[in-house]
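J.: Below you'll find the structure I mean.
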Amino acid sequence: MQDGEAASANQQRRIGLTGGIGMGKTVVSNYLAVKQIPVLDADIYAREAVEPGSAVLDEIRARYGVSILLPDGTLDRHQLGEIIFDSLPEKNWLEQQIHPSVRDR
């Protein structure tokens, strides 16, 4: 072993998966999980941040009204998408609500 190899062999590596819809992020993430490699999935954390009863969902409902909720009280993601993908300020506002919850995980 060379000098730097021993130290780096004990360090945990972090791998970031990025890509558009249908690019295989979930396939890779599932593969890593099967190999018992810890996976921190920001998409899952973002979904959890807007679960019924969460402060983030309360803020979203306060801003957009109850029409942003499905009958079971969960977030109507399609309806929200219609709002935020047409308005950069609304998208930025939403990200300011969700991202701190994701980062805190």
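Read-outs: derived from the displayed coordinates by stated rules, not from any lab. No experiment lies behind these values; they were computed from the predicted model shown. So basically every Cβ, Gly included, is an ideal-geometry build from the backbone, and we count neighbours across all protein chains shown.
J.: Using only Cα atoms, tell me the angle between helix 55-64 and the longest principal axis of the chain; keep it within 0 to 90° and round to the nearest 10.
T.: 40
J.: Once every DSSP H run of n ≥ 4 in the chain is given -39500 (n - 2.57) and the sum is divided by its residues, what mean residue ellipticity at 222 nm do you get, rounded to the nearest 500 deg cm²/dmol?
T.: Numbers: 6 runs with 59 residues, N = 105.
Estimated from H runs of four or more residues: -16500 deg cm²/dmol.
J.: At q = 0.12, 0.19, 0.23 Å⁻¹, what log₁₀ I(q)/I(0) does the chain have when each alpha carbon counts as one equal point scatterer in the Debye sum?
T.: Rounded to two decimals, the profile gives -0.56, -1.06, -1.26.
J.: Treating the beta-carbon of each Lys and Arg as +1 and of each Asp and Glu as -1, no other charges, what is the dipole magnitude of the chain about its Cα centre, to the nearest 20 debye? Display every interim value, and only then the final one.
T.: Numbers: 11 positive and 15 negative charges, 56 e Å.
Using only the charged Cβ atoms, the result is roughly 280 debye.
J.: Of HIS99, LEU70, GLY19, which is farthest on the positive side of the dipole of the chain, counting Cα position, with +1 on Lys and Arg Cβ, -1 on Asp and Glu Cβ, and the Cα centre as origin?
T.: Farthest towards the positive end: GLY19.
J.: Expected output is a single nm value to one decimal: the length gained when fully extending between ARG47 and LEU17, i.e. 0.36 nm times separation in residues minus the C-alpha distance. What is it? Let's see the in-between values first.
T.: Details: separation 30, 0.36 × 30 = 10.80 nm, distance 1.76 nm.
Full extension of this stretch gives 9.0 nm more.
J.: With the contact rule set at Cα under 8 Å and sequence spacing of 6 or more, what percent relative contact order holds for the range 19-89? Mind dumping the intermediate values first?
T.: Details: 29 pairs, mean separation 11.7, N = 71.
Computed value for the range 19-89: 16 percent relative contact order.
J.: On to the next question. Taking only Cα atoms and a 10 Å spring cutoff, compute GNM fluctuations for the chain and point out the largest among ILE60, ILE37, ILE21.
T.: ILE21
J.: Another question about this same structure. Sticking with the crude label model, points 7 Å out along Cα→Cβ, report the distance from ALA55 to PHE85 in nm, one decimal please.
T.: Spacing of the two 7 Å Cα→Cβ label points: 3.0 nm.
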